[in-house]
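Chemist: Here's a structure for you.
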Amino acid sequence: MDFKIRTFENEADKDFFDKLNFESFKHDFIRGKDIPEEEARKKFREFEAADPLDPWGKDHLTYFASTLEGELAGLIWLAERKAFYKFKEQLVWIYNLHVIPKYRRRGLARKLLAKADEWAMEQGLNSIGCHTLDFNTQARSLYESLGYKLIATHNESCFYEKKIGVLHF
Ligand SMILES: CC(C)(COP(=O)(O)OP(=O)(O)OC[C@H]1O[C@@H](n2cnc3c(N)ncnc32)[C@H](O)[C@@H]1OP(=O)(O)O)[C@@H](O)C(=O)NCCC(=O)NCCS
């Protein structure tokens, strides 16, 4: 299936961005727990407030994927980040990668991650990093299939890094 990948265009993108951030939060932190929607939203607000970010600021970039008819299908939210924790150099960080359920397993996340590679190269950065949780086997096998290496674990957290310009086998 063909998808279009582009940067921000309109207010509907912002709503989609907010919706998918919340979905990713629920996927990771609420999981199967039977928590009422309002309580999940409250926890999400607390989570965001603990690390306030400006996704529309100059160091951030989001790619949106849509069907050829224009239906939004997924996104990847990227930002430049200084070296931190086990990441030894300035890098592109993946703050969110999400494909809506009906468009999964069609190679869209792989396409979005290819945009992350392109953007990192344009920024002259050699490294891309992300965080996922150990139970998230679909994300982990996605990253591992693309040459991301597990460089640190902490409790349930898994930190992955891919070096750009390095051959990955
Ligand atoms: C993880 C996610 C982004 C994958 O999106 P996707 O578009 O379905 O992924 P792709 O079709 O590009 O899959 C590429 C590879 O990822 C792995 N993968 C994807 N979904 C998988 C699944 N359900 N089980 C096992 N492996 C999976 C496979 O290696 C797959 O390659 P293959 O289809 O050749 O076997 C999507 O499932 C999602 O949005 N999940 C919820 C949010 C999330 O977990 N985001 C990651 C946060 S770190």
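The values are calculated or read from the model by the stated rules, or taken from the named source; none is laboratory data. Treat the numbers as computed from the prediction; the structure is a model and nothing was measured. No Cβ is skipped: glycine too gets one built from the backbone with ideal geometry, and neighbour counts run over all protein chains shown. Areas reflect the complete protein model, heavy atoms only, side chains present, ligands, DNA and RNA absent. Shrake-Rupley method; radii C 1.70, N 1.55, O 1.52, S 1.80 Å.
Chemist: With each pseudo-label sitting 7 Å past Cα toward Cβ, what's the Asp51-Asp134 distance in nm, one decimal?
Modeler: 1.9 nm
Chemist: Additional query: Rg and Dmax of the chain, Cα atoms, in Å?
Modeler: Taking only Cα atoms of the chain, I get Rg and Dmax of 15.7, 46 Å.
Chemist: Mind checking the dipole of region 43-96: about its Cα centre, +1 per Lys or Arg Cβ, -1 per Asp or Glu Cβ, Debye to the nearest 20?
Modeler: Its charge dipole is roughly 320 debye.
Chemist: Sort 98-107, 126-135 by packing, meaning the average of other beta carbons within 10 Å per residue, with the highest value first.
Modeler: Descending mean neighbour count gives 126-135, 98-107.
Chemist: What order, most packed first, do the peptides 13-24, 71-82 have when packing is the mean number of other Cβ atoms within 10 Å of each residue?
Modeler: Those peptides, ordered most packed to least, come out 71-82, 13-24.
Chemist: Given H placed on each backbone N at 1.01 Å, which residues far from Ala73 in sequence or on other chains put an amide H within less than 5 Å of it?
Modeler: When sequence neighbours closer than 5 places are left aside, the close amide H contacts are Ala65, Ser66, Thr67.
Chemist: Nearest 20 debye, what's the magnitude of the dipole of region 30-169 about its Cα centre given +1 on Lys and Arg Cβ and -1 on Asp and Glu Cβ?
Modeler: Value, rounded to 20: 420 debye.
Chemist: With each run of n ≥ 4 DSSP H residues scored as -39500 (n - 2.57), what mean residue ellipticity at 222 nm is computed for the chain after dividing by its residue count and rounding to the nearest 500 deg cm²/dmol?
Modeler: Computed ellipticity for the chain at 222 nm equals -10000 deg cm²/dmol.
Chemist: Now for a separate question. Keeping every protein chain present and rolling a 1.4 Å probe, give me the accessible area per residue for the chain in Å².
Modeler: On a per-residue basis, 57 Å².
Chemist: Now, a different point. Using θ = phi - 60° and the Karplus form 6.51 cos²θ - 1.76 cosθ + 1.60, what ³J(HN,Hα) does each residue of region 151-161 get, whole Hz, x for Gly and Pro?
Modeler: So the Karplus estimates, Gly and Pro as x, are 9, 7, 10, 8, 6, 8, 7, 10, 10, 10, 9 Hz.
Chemist: Can you work out the FRET efficiency for the pair His27 and Asp2, with r the C-beta to C-beta distance and R0 = 25 Å, to the nearest 0.05?
Modeler: After rounding to 0.05, the efficiency reads 0.45.
Chemist: Just name one of Asn10, Ala40, Asn126: the one whose Cα is farthest towards the positive end of the charge dipole of region 3-163 (beta-carbon charges, Lys/Arg +1, Asp/Glu -1).
Modeler: Checked the options; the winner is Asn126.
Chemist: Between Pro101, Asn21, Gly57, whose Cα lies farthest towards the positive end of the dipole of the chain when Lys and Arg beta carbons carry +1 and Asp and Glu beta carbons carry -1, centred on the Cα centre?
Modeler: Farthest along the dipole direction, towards plus: Pro101.
Chemist: For the chain, with all protein chains present and a 1.4 Å probe, just round the carbon and sulfur fraction of the accessible area to a whole percent.
Modeler: After summing per-atom areas, the C and S share lands at 51 percent.
Chemist: Continuing with this model, one more query. Can you work out the Karplus-derived ³J(HN,Hα) for every residue in region 90-96? Use 6.51 cos²θ - 1.76 cosθ + 1.60 with θ = phi - 60°, whole Hz, and x for glycine or proline.
Modeler: 4, 8, 8, 10, 8, 7, 7
Chemist: Note down the nm distance, to one decimal, between modelled labels 7 Å out along Cα→Cβ at Asp59 and at Glu37.
Modeler: Each label point is offset 7 Å from its Cα along the Cβ direction, giving 3.5 nm.
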